[in-house]
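Worksheet for the structure shown next.
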């Protein structure tokens, strides 16, 4: 196999990889948008942020 | 010689960072769990593997969920609190009381996870390691002794078979 043929083969692989990646991210993006639309009515799960040092000191009994 | 011995020694644990994260885990846990100090803590995680097939692109995706896992020997209860790798916050706790669960066992294959079935509808598989280096995915904490204690508790006093 000549160097040119090998180069063309690897270039084709690279293009296939790039197109596959683009396709994957495009489908993921669309699915995520659909999921968000459907989940809009649901309440988001509760989230408790890490208490700061000031909050922690206030909570402690004197 | 010095360089090679360092290379072969492998990654070393930053105990200062690990201790700071252990304190944060305790703060978060005690914030959402009543009498949190009655529980010992380890860091655990869940792995959700999903296969996808988008036409000519197919493969699998793994979602990792970080957990603060507390256990109480006296009440035979495991409490699981979802969190994030940087421990900036946590979700609501889920209680698994031995008297109320359907079954619990230590898995062997494909991973040695701690499996709890609260009912027939679903289950939770808790994975845990002594220490995980990847801070972007897991909480950075060294917990060799605590994990050994949790494993002993789970196998001998919590598992149902």
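Here, each number is a calculation from the coordinates, and none is a lab measurement. Predicted, not measured: the structure shown is a model, and the values here were computed from it. Every residue, glycine as well, gets a Cβ built from its backbone with ideal geometry; the counts of neighbours run over all protein chains shown.
Simple spin-label model, 7 Å along Cα-to-Cβ: residue B:16 to residue A:2 in nm?
Rounded to a tenth, the inter-label distance reads 6.2 nm.
Per DSSP helix of 4 or more residues, -39500 (n - 2.57); summed, then divided by the residues of the protein assembly as shown. What does that give at 222 nm, rounded to the nearest 500? Provide the component values of the computation, followed by the final result.
On the way: 5 runs with 80 residues, N = 223.
Roughly -12000 deg cm²/dmol at 222 nm, from the helical runs in the protein assembly as shown.
Counting other C-beta atoms within 10 Å, which of A:9, B:8, B:29 has the fewest, and how do the rest follow? Kindly include the intermediate steps, with their values, before the conclusion.
Details: A:9 11, B:8 7, B:29 21.
The fewest-first ordering by Cβ neighbours comes to B:8, A:9, B:29.
Using only atoms on other chains, find how many Cβ atoms lie within 10 Å of each Cβ of peptide A:43-51 and report the average. Mind dumping the intermediate values first?
Working: counts 0, 0, 3, 4, 8, 10, 5, 12, 6.
Partner-chain Cβ atoms within 10 Å, mean over residues of A:43-51: 5.
Convert 25 °C to kelvin, take the viscosity as 0.890 mPa s, use the Kirkwood radius over C-alpha pairs of the range B:14-158 as Rh, and evaluate the Stokes-Einstein diffusion coefficient in µm²/s, rounded to a whole number.
Numbers: Rh = 16.0 Å.
Roughly 154 µm²/s, to the nearest whole number.
Can you order the peptides B:55-62, B:37-44 by their average number of other Cβ atoms within 10 Å per residue, highest first? The partial results should precede the final answer.
On the way: B:55-62: 10.4, B:37-44: 19.9.
So the order, starting with the most tightly packed, is B:37-44, B:55-62.
If each residue's Cβ is checked for other Cβ atoms within 10 Å, how do B:16, B:73 rank with the fewest at the top? Walk me through the intermediate numbers first.
On the way: B:16 8, B:73 14.
Going from least to most buried by this count: B:16, B:73.
Between residue A:17 and residue B:159, what is the FRET efficiency for a Förster distance of 35 Å, r being their Cβ-Cβ separation, to the nearest 0.05? Present the calculation step by step, with values, prior to reporting the outcome.
Numbers: r = 46 Å, r/R0 = 1.31.
Calculated transfer efficiency: 0.15.
When you count, for each residue, the other Cβ atoms within 10 Å and take the mean per peptide, how do B:74-84, B:97-107 rank with the highest first? Write down the numbers at each step before the final one.
On the way: B:74-84: 18.5, B:97-107: 13.9.
Packing order, densest peptide first, comes out as B:74-84, B:97-107.
Find how many whole Å separate the alpha carbon centroid of the range B:53-85 from the alpha carbon centroid of the range B:130-161.
What the calculation gives is 13 Å, centre to centre.
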